[in-house]
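The structure appears right after this line, and notes come after that.
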Amino acid sequence: MSLARRLRRLLGGGGPAIRVHVLVRGRFGAGWQDIDRTFALAPGSTLADLLDEAGRQGVALRDLLERSPHLRHGVLLDGERLPLPEGLSRPLSDGAELYLLAPIAGG
């Protein structure tokens, strides 16, 4: 998030917040993740801004993505696959939904 956007947010300006729903379910590394949260962000925020805000609120989405190279291929934004890291600059809209899907293997 840019310094100007952070200042507007801290001072209460910048217009109404957008809401982004995040859903993460599955086994990532050694543990099971079950995250179902909605985050409020400043208008014009990107996926990178969402990851930063989630981290500030104790939800380690960025860590999940960095620890699992396979997870980067399972990111869906509004039902569409979003390649990472290119998608980090994608602007988010109010009501957007982000899903992180654990890789599934079987035989």
Residue among Asp34, Asp63 that alone is of a type in the set (D, E, K, R) and either closer than 20 Å to Pro91 by Cβ or not in a strand (DSSP E or B) (or both): Asp63
Qualifying residues in the stretch 38-60 (those that are assigned to a strand (DSSP E or B) and out of contact with any Leu (no Cβ under 8 Å at 6 or more places or on another chain)) - the one nearest to Val22 (Cα to Cα): Thr38
Pick from the stretch 74-107, criterion in contact (Cβ under 8 Å) with a residue 24 or more places away in the chain and in a helix (DSSP H, G or I), ranking: surrounded by the most Cβ atoms within 10 Å (Cβ to Cβ): Gly74
For His21: the one exception among (1) modelled with pLDDT of 95 or more; (2) surrounded by 16 or more Cβ atoms within 10 Å (Cβ to Cβ): (2)
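Just checking, which of Glu86, Glu97 is modelled with pLDDT of 95 or more, out of contact with any Pro (no Cβ under 8 Å at 6 or more places or on another chain) and of a type outside the set (A, V, I, L, M, F, W, C)?
Testing whether each residue is modelled with pLDDT of 95 or more, out of contact with any Pro (no Cβ under 8 Å at 6 or more places or on another chain) and of a type outside the set (A, V, I, L, M, F, W, C) leaves just Glu97.
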Complete set of residues in the stretch 55-107 that are on the phi > 0 side of the Ramachandran plot and of a type in the set (D, E, K, R): Asp78
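Determine, yes or no, whether Asp49 is acidic (Asp, Glu) and either touching a Cys at 6+ places or on another chain (Cβ under 9 Å) or modelled with pLDDT of 85 or more (or both). Before you say what the answer is, go through the steps one by one.
Details: acidic (Asp, Glu): yes; either touching a Cys at 6+ places or on another chain (Cβ under 9 Å) or modelled with pLDDT of 85 or more (or both): yes.
So Asp49 fits the description; yes.
The values are calculated or read from the model by the stated rules, or taken from the named source; none is laboratory data. Just so you know, these numbers come straight off a predicted model, no measurement behind them. As a convention, Cβ positions derive from the backbone with ideal geometry for all residues, glycine included, and neighbour counts pool all protein chains shown.
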